[in-house]
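The values are calculated or read from the model by the stated rules, or taken from the named source; none is laboratory data. Note that the coordinates shown come from a computational prediction; the quantities given were computed from them, not determined experimentally. In this analysis, Cβ positions are derived from the backbone assuming ideal geometry, glycine residues included, and neighbour counts consider all displayed protein chains. Protein only, heavy atoms only, side chains kept; ligands, DNA and RNA dropped before computing areas. Shrake-Rupley method; radii C 1.70, N 1.55, O 1.52, S 1.80 Å.
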Amino acid sequence: MRNIVVKDPIAIFSAEYIAHRYDAKVLVLIRHPAAFAASLLQRQWNFDFSDFTTQERLMAMLSDSLQGDLVAASENPGTERLDQAILLWNVIHEVIVKYRARHPDWVFQTHECLSAQPVEEFSKLYDAFGISFDDGDLDQIRRLTGGSSVAGRRRDSRKNIGKWAKILTPEQIAKIRESTEHC
C-alpha cells in the first residue's frame, strides 16, 4: 500500500473530499499562529482571498465575522502580509475546529509537539496509521530532525520550534496573539 502525503496548508479545505473520495486516513498538522505567520512573511507570500469568497461551501463553514473579513480582504488585495497571514490562519483553524467535531477518527497533531519529540510522536503516528515503524524509520527521523546536515542544511526540529520569535517583532507577535487567541 502506498502512503501519500499532501503538505499544503490550503489543502485542509479539501481534506473531507480527499478522505471521502480516496478513503484516506487524515492527519491534520497544526502550526502555531506566529510560526505560520513568520513562514509566510519570510517567503513574502501574498494570498488572494477572492478564491475563498467564491466557494459557497467554505464560506458557509465560517462565522459571519470571518466571512466579512474575507470579503474585505478580497476587495483590498493590498492588505498587509501580516494581516493576510493572520486571516488565513484564522480561516484554516476555524475549519479545523469544525473538522475535529465532525471527524473524531482523524488525527490532529501540532507541529511543535512533533518537533519537540520527533521519535516518540512519529512512532505514535505510524501506529495510528497502521504503518510499521522499524529501525530504518527511527534512523531516518533522527537524521532529519536531530541537527544533521540534510541537503546542505542543518535541521534541528527542537530549535526550529521558537524560530518565529527571532523573525517577528514584539509588536507583530502581540498582534498575532491578540488576533488569533479566539481559535
Amide H proximity to residue 155 below 5 Å, modelled H, separation 5+ or other chain, gives 147, 148, 150
For the range 97-183, listing GluC sites (Glu not before Pro) in a DSSP loop whose Cβ sees at most 11 other Cβ atoms within 10 Å gives 181
Taking only protein heavy atoms and a 1.4 Å probe, the highest-to-lowest accessible-area order of 173, 10 is 10, 173
In degrees rounded to 10, the 0-90 angle between helix 118-128 Cα long axis and the longest Cα principal axis of the chain is 90 degrees
Once normalised by the length of the range 98-176, the mean sequence separation of its alpha carbon contacts under 8 Å that are 6 or more apart gives a contact order in percent of 23 percent
Relative to the compact-globule estimate 2.2 N^0.38 Å (N residues), the Cα gyration radius of the chain stands at a ratio of 1.12
Residues whose built amide H sits under 5 Å from the amide H of residue 110, excluding neighbours closer than 5 in sequence, are 30
At 10 °C in a medium of viscosity 1.306 mPa s, the range 15-56 has a Stokes-Einstein diffusion coefficient, with Rh taken as the Kirkwood radius over alpha carbon pairs, in µm² per second, of 122 µm²/s
Rounded to two decimals, the Rg over Rh value of the range 69-140 from Cα coordinates and the Kirkwood Rh reads 1.17
In degrees, nearest 10, the alpha-carbon axis of helix 81-102 is tilted away from the dominant principal axis of the alpha carbons of the chain by 70 degrees
Largest fluctuation, 38, 60, 24 only, Gaussian network model of the chain with Cα springs under 10 angstrom, belongs to 60
If R0 = 30 Å, then residue 160 and residue 65, at their Cβ-Cβ distance, give a FRET efficiency to the nearest 0.05 of 0.40
Between the residues 141, 5, 34, the Cα farthest towards the positive end of the dipole of the chain, that dipole coming from +1 and -1 charges on the beta-carbon of Lys, Arg, Asp and Glu, is from 141
In debye to the nearest 20, the charge dipole size for the chain, taken about the Cα centre with +1 at each Lys and Arg Cβ and -1 at each Asp and Glu Cβ, equals 680 debye
Everything considered on the Cα gyration tensor (a ≥ b ≥ c; rounded for a/c under 1.5, else prolate if a/b is larger than b/c, else oblate), the range 30-124 must be described as oblate
GluC sites (Glu not before Pro) in the range 1-95 lying in a DSSP loop, each with at most 14 other Cβ atoms within 10 Å of its Cβ, come to 80
One can check that the equivalent ellipsoid of the range 93-183, built from the alpha-carbon gyration tensor with semi-axes equal to the square roots of five times its eigenvalues, has lengths in Å, largest first, of 28, 23, 8
Tilt, helix 170-180 to longest principal axis of the chain (alpha-carbon atoms), in degrees rounded to tens, equals 80 degrees
Carbon plus sulfur, as percent of the 1.4 Å-probe accessible area of the chain, comes to 50 percent
Note on the chain: contact order normalised by length, alpha-carbon pairs under 8 Å, 6 or more apart, percent, works out to 27 percent
